[in-house]
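The values are calculated or read from the model by the stated rules, or taken from the named source; none is laboratory data. Note that this is a predicted model, so its numbers are computed, not measured. Here the Cβ positions follow ideal geometry from the backbone for every residue, glycine too, while neighbour counts run over all protein chains shown. For the accessible areas, the whole protein counts, side chains as well, though only heavy atoms, and no ligand, DNA or RNA atoms are used. Shrake-Rupley method; radii C 1.70, N 1.55, O 1.52, S 1.80 Å.
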Amino acid sequence: MLVLLRRLALLLVVAITLTLGSAQIGYGTAPARTGTSASGGTTVAAVAETITVTGVDLHDGTVAKFGSTYYLYGTMYGCGFRWQVAGTPWCGFGVSTATSLRGPWSAPRRLFSPSDMNSFRLTTWQQTCGGTGAGCFNPRMLRRTWGPNDGVFILWFNAPSDYAQSGANAYYAMGCKGPEGPCGDAAGPPYGSTTKPRLTICGGNGDFSIVTNGRAAPQLFCTNADQTFAQEQLDTWGTNGTGTGTRNLAGLRAVESPGVYRDPATGKWLMTFSDPNCGYCGGTGTSYATADSLSGPWTAPPNTGYSPAAAGRRAVSATSCGGQPRTVFTVDDRTYQWIDLWGRWNGDSTNQARAGVVLAELKYTPQPAPNGGVLPPQFAQWPCA
């Protein structure tokens, strides 16, 4: 009987421990991690919040908050779009809404119809985005609170086939009637419009972000065709480039998907990115570079040693929660990394309708290596890292 009572007591202790552990890990957080510094002391790595979004057919997008409503934007795949398959249906860009970043998110609605006309190419968006299978990606919605300060909503995105077919830059900027659309010429006056931006430095075809900075006109951070980064100042309307900017940011190669934000604690500007570039690749690293001003110059932490891994000290996460980073966004004074959880279904990775998204908080915690030892993490760690 005594032995039985001892076993029951042990089981009770285990149950209590597991319960407390579950509470600590709730809402996408995890206990702080500890390690030993070069001087023999104990270091504590901070841990950041993550939010996983599933069951919503929106990908390679972003989140914005206008008023008290959260808007989740992304590319849709549910109609059957398959990347690099000629003649594939293009499903369009969609938006879902919620009263909390944690959802629940509404059913996506299109920002404009694939059957609308593209006034630059004089064909439909279905033909532009689905004709060669190159797709259209990276919907980025912003509100004009600079220059004219008229509150107009502007949707940017890229259509890579423009660059492949004619050498034109891949980008478009649409005026929208509101944060849920409709957007483009078909939306009609006073705000519906489609602009093929005049760009000099960002003349390529890759993933991008539009970065705002208070009342100043925004800047376009882009991935050029040689898989390097560039930035170009936009005009006061936020729909054309000015020819002012910089190429070859931080000397980075074989990268894509820049996302840029200002860290309020240090005043530093931070750029995260996919390291390396790769189409629909899970487990791709998230790395970073820094600058003292939005205009640069940008610097990525170098590695040391003989033939070192280039991403060794610039990595935020080596595997990005099993996904691939796309951009960053800031809501409620907190910045998050958008990570697409790309997958393969029935051996096919060209359609990503089922893929989830991780919104991983970015907390920059710069600290030097103790006594010249191992450099500690410069960002709070993601529990899914």
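Normalised by the number of residues in the chain, the average gap of Cα pairs under 8 Å and 6 or more apart makes the relative contact order 15 percent. Axis angle, to the nearest 10 degrees, between helix 2-25 and the longest C-alpha principal axis of the chain: 30 degrees. What segment 94-186 shows is 36 Å² of accessible area per residue, with the surface traced by a 1.4 Å probe over protein heavy atoms. If the segment from K65 to S293 were pulled out straight at 0.36 nm per residue, it would be longer than the present Cα-Cα gap by 79.6 nm.
Kindly list the residues of segment 90-105 that lie in the label zone of A353, defined by a backbone N under 18 Å from the point 7 Å along the Cα-to-C-beta vector. Of the residues in segment 90-105, 90-96 have backbone N under 18 Å from the label point off A353.
Model label points for R109 and W345, set 7 angstrom from Cα along the Cα-to-Cβ axis, are 2.5 nm apart. Here the accessible area is traced with a 1.4 Å probe on the protein chains. For segment 50-206, carbon and sulfur cover 50 percent of it. Its Cα gyration tensor gives segment 163-304 an equivalent ellipsoid. The semi-axes, each the square root of 5 times an eigenvalue, are 27, 18, 15 Å from largest down. The convex hull built on the alpha-carbon positions of the chain has an orientation-averaged projected area of 23.6 nm². Give the distance, in whole Å, between the Cα centre of segment 54-81 and the Cα centre of segment 284-325. Here the answer is 27 Å between Cα centres. The shape of segment 292-347 comes out oblate: with a ≥ b ≥ c from the C-alpha gyration tensor, a/c is at least 1.5 while a/b does not beat b/c. Average accessible surface for segment 220-332: 39 Å² per residue, computed with a 1.4 Å probe over protein heavy atoms with every protein chain in place. If you sort V85, V357 by accessible surface, 1.4 Å probe, largest first, the order is V85, V357. Ordering of 283-292, 157-166 by packing is 283-292, 157-166, highest average first (other Cβ atoms within 10 Å, averaged per residue). For segment 49-147, the square roots of the Cα gyration tensor eigenvalues, ordered a ≥ b ≥ c, give a/c of at least 1.5 with a/b no greater than b/c, which places it in the oblate category. Phi-derived couplings, Karplus 6.51 cos²θ - 1.76 cosθ + 1.60 at θ = phi - 60°, listed residue by residue for segment 321-326: 6, x, x, 9, x, 10 Hz, with x used for Gly and Pro.
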